[in-house]
1. Looking for whichever is crowded, with 16+ Cβ neighbours inside 10 Å, of a type in the set (S, T, Y) and modelled with pLDDT of 95 or more here; the options are S169, S155. Which one fits?
2. Hand me the list of strands (runs of 3 or more DSSP E) wholly inside the stretch 143-225 holding 2 or more residues that are in contact with a His (Cβ under 8 Å, 6 or more places away or on another chain).
3. Of everything in the stretch 111-158 that's farther than 26 Å from I3 by Cβ and β-branched (V, I, T), which residue is nearest to the chain's Cα centre (by Cα)?
4. Just for the stretch 92-110: of the residues that are of a type outside the set (S, T, N, Q) and under 20 Å from the mean Cα position of the chain (by Cα), which one is farthest from I160 (Cα to Cα)?
5. Kindly provide the set of residues from the stretch 105-145 that are under 24 Å from M216 (Cα atoms), of a type in the set (A, V, I, L, M, F, W, C) and touching a Phe, Trp or Tyr at 6+ places or on another chain (Cβ under 9 Å), ordered by number.
6. Between a residue in the stretch 155-172 that is over 27 Å from R139 (Cβ atoms) and any residue that is loosely packed, with under 15 Cβ neighbours inside 10 Å, which pairs come within a Cβ distance under 6 Å, given they are 6 or more apart or on different chains?
7. Residues to consider are R24, R89; find the one that is of a type in the set (D, E, K, R) and more than 17 Å from the chain's Cα centre (by Cα).
Amino acid sequence: MKINTTYLVLNTDKPLTCSSSKLRGFIGNQFKDNYLLHNHFGGESYLYSYPLVQYQVIGGQATILGIEEGADTLKKISSDLDYLNLDKRYDIEEKIIYEKSYNVQPTTEEHHYKFVTPWLGLNTQNFKKYLEMENWKERKIFLNKILVGNILSMSKGLGIIVNKRLHVSSRLDETRVEYKGVNMKAFTGEFKVHYRIPDFFGFGKGVSQGFGSVKMIPNENDRTD
């Protein structure tokens, strides 16, 4: 299935020294009428689906990914962004927009990905199960199944039909990150799956705040759409 994306890069007068959650908060407050930018419907109502706008701060650079309707939204608001008021003021010196359509779907070829930001794969329920497991091999199988579930959830949210069983193989390492003020277990590393995933799409908890973003590791089977 063809999915349209917009990738907005904001080059600022100095590198960002804050998290992507602050970037999301600022943009969301600037454009409160557009729920895709903050996933809030007013009051305490939230949009619980795959986020169509995902904020990332990588290497001190602010970037925002827009998917389908989110892609159109980013193009509309980009001209209205002149600065970012985060932990301090950052003046935007350059805005670069990349537009691309991807075939997002299961494939016959296996594709190789790396997490460019930590993956928050464990929620409250499966975190307890994870801790109760006796060895890393058992935990790894568990994490692979969770990642398959994340891919299926993304597919459902984007209206993509998955008509084959997915299997993930991975090489993961534990790390710690702060999410919503809480120190949490997360994972870095790489994985392989028979599925075409665009660069910088996120998985797991905190996707809209830049967690779990992936990038393809090219090999001889990978071709540019």
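The values are calculated or read from the model by the stated rules, or taken from the named source; none is laboratory data. Here the structure is a predicted model, which means the values were calculated and not measured. Cβ sites come from the backbone with ideal geometry, for glycine too, and all protein chains shown count toward neighbours.
1. Numbers: S169 fails: crowded, with 16+ Cβ neighbours inside 10 Å.
Step by step, each of S169, S155 is checked, and only S155 is crowded, with 16+ Cβ neighbours inside 10 Å, of a type in the set (S, T, Y) and modelled with pLDDT of 95 or more.
2. Values: elements: 169-179, 182-196, 214-216.
The strands (runs of 3 or more DSSP E) meeting that bar are 182-196.
3. T124
4. We begin by selecting, within the stretch 92-110, every residue of a type outside the set (S, T, N, Q); these are 92-100, 102, 104, 106, 109-110.
Then keep just the ones that are under 20 Å from the mean Cα position of the chain (by Cα); that gives 96-100, 102, 104, 106.
Numbers: I96: 29, I97: 25, Y98: 23, E99: 20, K100: 18, Y102: 12, V104: 8, P106: 9 Å.
Here the answer is I96.
5. Of everything in the stretch 105-145, those that are under 24 Å from M216 (Cα atoms), of a type in the set (A, V, I, L, M, F, W, C) and touching a Phe, Trp or Tyr at 6+ places or on another chain (Cβ under 9 Å) turn out to be F115, V116, W119, L120, L122, F142, L143.
6. These pairs meet every condition: I160/M1.
7. Values: R24 fails: more than 17 Å from the chain's Cα centre (by Cα).
Of the residues listed, the single one that is of a type in the set (D, E, K, R) and more than 17 Å from the chain's Cα centre (by Cα) is R89.
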